[in-house]
Amino acid sequence: MRLDPLSLPLSFEARDARADGGLRLVEIARDHVVLRRSVRGMRMAINIRISEFLGVALRTVDGAPTLILKHRDPSLSVPLASDPESDAIGHAWQHWSETFALPQLDETRPVRSAPRRRRRNAIRARRPSILMRRRLGRDIAGMDVYRGEREIIARN
């Protein structure tokens, strides 16, 4: 599969695991993408602006480099081109990226996740700040202790 970015608008069928029949109809224009599919007999059309996509990603699928218009939701990503020749796919990657004014994302290399940052004070968010400022009590040693009395009466 190979689509030309200079011949927009385009319409083609792509695989969709959730759709009835495993296919969905994709319509690509310069400013939006329309995904038409049927799920359990309910037909739907999803209109997505190009600016909502993250970029044009280069991914290896089944051993062949593939261009994908990547969305935050993986089910809304759209395949653009698949070609075993990596030079031709590199030029197509650049053309699609320039056509949509989206960044080129390279997902062929394994990405190491950054180590999790340590939070400076994990308990601080759970405790009220007023408890940090208040004194816990008076000096107990300086108070008078009355033993053997039945009641304490405070007189004015």
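For beta carbons closer than 8 Å, sequence separation of 6+ or different chains, a first residue in region 34-56 that is without any contact (Cβ under 8 Å) to a residue 40 or more places away in the chain and farther than 10 Å from Arg24 by Cβ and a second that is assigned to a helix (DSSP H, G or I) and not β-branched (Val, Ile, Thr), the qualifying pairs are Arg40/Asp20; Gly41/Asp20; Ile48/Leu76.
Residues in region 19-33 that are in contact (Cβ under 8 Å) with a residue 12 or more places away in the chain and small (Gly, Ala, Ser): Ala19, Gly21, Ala29.
Among the residues of region 107-128, are any at pLDDT 75 or above, within 30 Å of Ala57 (Cα to Cα) and in contact with a strand residue (DSSP E or B) (Cβ under 8 Å, 6 or more places away or on another chain)? Checked region 107-128: no residue is at pLDDT 75 or above, within 30 Å of Ala57 (Cα to Cα) and in contact with a strand residue (DSSP E or B) (Cβ under 8 Å, 6 or more places away or on another chain). Filtered by the rule that a residue be under 22 Å from Leu105 (Cα atoms) and of a type in the set (Phe, Trp, Tyr), region 1-59 gives a lone residue, Phe53. When you scan region 1-13, do you find a residue that is within 15 Å of His71 (Cβ to Cβ), in contact with a strand residue (DSSP E or B) (Cβ under 7 Å, 6 or more places away or on another chain) and either surrounded by fewer than 12 Cβ atoms within 10 Å (Cβ to Cβ) or at pLDDT below 90 (or both), even just one? Checking region 1-13: not a single residue is within 15 Å of His71 (Cβ to Cβ), in contact with a strand residue (DSSP E or B) (Cβ under 7 Å, 6 or more places away or on another chain) and either surrounded by fewer than 12 Cβ atoms within 10 Å (Cβ to Cβ) or at pLDDT below 90 (or both).
Residue by residue, here is whether (1) more than 21 Å from Arg24 (Cα to Cα); (2) at pLDDT below 75; (3) not small (Gly, Ala, Ser) holds:
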| site | (1), (2), (3) |
| --- | --- |
| Ala64 | yes, no, no |
| Ile68 | no, no, yes |
| Gln94 | yes, no, yes |
| Ala101 | yes, no, no |
| Gln104 | yes, no, yes |
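The values are calculated or read from the model by the stated rules, or taken from the named source; none is laboratory data. What you are looking at is a predicted structure, and each value in this text was computed from that prediction instead of being measured. All Cβ positions, even for glycine, are placed from backbone atoms using ideal geometry, and neighbour counts span all protein chains on display.
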